[in-house]
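Encoded as structure tokens, the structure appears first; notes follow it.
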């Protein structure tokens, strides 16, 4: 059996199919879409219940999210693409990034969910809301990219 090299990575299509299959499996198993903000928000009130010793530090959604991050790290490491570097940002850029992250977090809690739960979960469960959110995420990414590139 020939070993497959990790240096070429997956195509976007293969990654999308794998993520969609994982979402469908999660949806069927837990009767809930994958999400990030809901598991994180649900952690705080349940911190002391659930697992032996009284510490409930995780749930299925949070573990799944951690597995996605760990899988991305492992794939980058095996492909020789993991190159950590320290960047020092100007205070204005750092402040804007922190403000943007805070506003995204507030928006994710006010909306039906974040991009993961709203778009991927919504599309996988054939929800009209998921398709509408996907269209707006794509439009926002396009406009944001044009703005950052100075063509907006």
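When peptides 126-135, 78-87, 13-22 are ranked by their average number of other Cβ atoms within 10 Å per residue, the highest-first order is 126-135, 13-22, 78-87. Label-to-label distance, residue 27 versus residue 103, with points set 7 angstrom from Cα along the beta-carbon direction: 3.1 nm.
Each label point was placed 7 Å from the Cα along the Cα-to-Cβ direction; for residue 131 and residue 94 their separation is 4.5 nm.
Read-outs: derived from the displayed coordinates by stated rules, not from any lab. Quantities reported herein were computed from a predicted structural model and do not represent experimental measurements. Glycine gets a Cβ as well: all are built from the backbone with ideal geometry, and neighbour counts include every protein chain shown.
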